[in-house]
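Q: Structure provided below as structure tokens; questions to follow.
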Amino acid sequence: MTVQPDKASLRVWARRTRAELPDASLEICAHLETLIRQRGGSVVLAYRAVHHEPKLSLLVRALPDVDFLTTRANAGGLLTLHPYSSATILNRYGILEPPSDAPTLEPVAVQLALVPGLLFTRSGARLGYGGGFYDRTLATLQPRPVTVGLGYTNGWLPDLEPQAHDIPLDALLNDNGVVWPV
């Protein structure tokens, strides 16, 4: 039996390793553009990058016909949805987000959710930053959108013990392209 490091240690390792990698946002956005065009998604939930995450602004500019939404962290650990362009202030985590008075959008139309993460498994498990914001929010979206975790080629774990509240991802995408979980 292999003993897996605790999640806090994995997060430290993943942040340090990712900070040393060249930015692969261009490659990741190109793969995402192809995926969105193939799937015909017109409403996409996209995060605002922080801590060496793939930057999605290139994707937003490349697909002006797609309605991109972004999130705002609120009390209770839920994310509210807003127009992507409304993200104009930095929150306490250093993430660009909409101000508190930005228009809130209903999540019923979200077809594709792009989900950040530090590490992923090929079965769709995700190690995020530990706040649970995305898992709680994804659990509320009905109908459930296709979820795609975004990371880097070296961001794989052989296994990760999911917790009861963890939402598995439908697909993973990195600088080499899309990997559909088994």
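Q: Mind jotting down the distance between the C-alpha centroids of region 161-176 and region 62-112, whole Å?
A: Their Cα centres are 21 Å away from one another.
Q: Suppose a student asked you for the relative contact order of the chain, using Cα pairs under 8 Å spaced at least 6 residues apart; what percent would you report?
A: It rounds to 21 percent for the chain.
Q: Here's something else I'd like to know. How much length, in nm to one decimal, is gained on full extension between Ser100 and Val178, taken as 0.36 nm per residue of separation minus their Cα-Cα distance?
A: Numbers: separation 78, 0.36 × 78 = 28.08 nm, distance 3.45 nm.
Working it through step by step, the gained length comes to 24.6 nm.
Q: From the phi angles alone, apply the Karplus equation (6.51, -1.76, 1.60; θ = phi - 60°) to region 80-92 and give each ³J(HN,Hα) in whole Hz, x where the residue is Gly or Pro.
A: Per residue, the Karplus-derived 3J(HN,Hα) values read 9, 9, 8, x, 4, 5, 7, 6, 10, 10, 8, 8, 5 Hz.
Q: Let me ask something additional. Residue-wise, which Karplus ³J(HN,Hα) couplings in Hz belong to region 123-130, taking 6.51 cos²θ - 1.76 cosθ + 1.60, θ = phi - 60°, and x for glycine or proline?
A: 8, x, 7, 9, 9, x, 8, x
Q: If R₀ is 30 angstrom, what is the calculated FRET efficiency for the pair Trp156 and Val108, using the beta carbon separation as r and rounding to 0.05?
A: With R0 = 30 Å, the Cβ-Cβ based efficiency is 0.35.
Q: Fully extended, how many nm does the chain gain between Leu10 and Tyr93 (0.36 nm per residue separation, minus their Cα-Cα distance)? Write down the numbers at each step before the final one.
A: Working: separation 83, 0.36 × 83 = 29.88 nm, distance 1.93 nm.
Extra length from Leu10 to Tyr93 when fully extended: 28.0 nm.
Q: Taking amide H atoms as placed 1.01 Å from N in the peptide plane, list the residues 5 or more away in sequence, or in a different chain, whose amide H sits under 5 Å from that of Leu56.
A: Ala49
Q: Once every DSSP H run of n ≥ 4 in the chain is given -39500 (n - 2.57) and the sum is divided by its residues, what mean residue ellipticity at 222 nm do you get, rounded to the nearest 500 deg cm²/dmol?
A: On the way: 4 runs with 42 residues, N = 182.
Helices in the chain give a 222 nm mean residue ellipticity of -7000 deg cm²/dmol.
Q: Right, another one. Over all directions, average the projected area of the Cα convex hull of region 23-158 and note it in nm². Don't skip to the answer; put the middle values down first.
A: On the way: hull surface 32.3 nm².
Dividing the Cα hull surface by four gives the mean projection, 8.1 nm².
Q: Nearest 5 percent is fine: what portion of the DSSP beta bridges confined to region 1-96 is antiparallel?
A: Taking every DSSP beta bridge within region 1-96, about 65 percent pair in antiparallel fashion.
Q: Shifting gears a bit: Taking amide H positions as placed in the peptide plane 1.01 Å from N, state which residues far from Leu119 in sequence (5 or more) or on other chains have amide H under 5 Å from it.
A: Leu127
Q: Quick one: which residues, 5+ away or cross-chain, put their amide H under 5 Å from the amide H of Thr147? H built at 1.01 Å from N.
A: Residues meeting the amide H criterion: Ala113, Asp170, Ala171.
Q: Using only Cα atoms and rounding to the nearest 10 degrees, what angle (0 to 90) does helix 25-39 make with the longest principal axis of the chain?
A: Between the helix axis and the principal axis of the chain, the angle is about 70 degrees.
Q: For the chain, find the longest principal axis of its Cα atoms and tell me its angle to the long axis of helix 7-19, 0 to 90°, nearest 10.
A: Computed tilt is about 70 degrees.
Q: Using a 7 Å offset from the Cα along the Cα-to-Cβ direction at both Val50 and Leu26, what is the distance between the two label points in nm, to one decimal?
A: According to this spin-label approximation, the distance is 2.7 nm.
Q: Given a 1.4 angstrom probe, what's the average accessible area per residue across region 101-141, in square angstrom?
A: 40 Å²
Q: If you plug each phi of region 56-73 into the Karplus form 6.51 cos²θ - 1.76 cosθ + 1.60 with θ = phi - 60°, what whole-Hz ³J(HN,Hα) values come out, in order, with x for Gly and Pro?
A: Result, rounded to whole Hz: 9, 4, 4, 5, 4, 5, 6, 10, x, 7, 9, 8, 8, 10, 9, 10, 9, 7.
The values are calculated or read from the model by the stated rules, or taken from the named source; none is laboratory data. Everything numeric in this text was worked out from a predicted model, so none of it was measured. Every residue, glycine among them, receives a Cβ derived from its backbone with ideal geometry; neighbour counts consider all protein chains shown. Side chains are part of the model used for accessible areas, which takes the heavy atoms of the whole protein and leaves out ligands, DNA and RNA. Shrake-Rupley method; radii C 1.70, N 1.55, O 1.52, S 1.80 Å.
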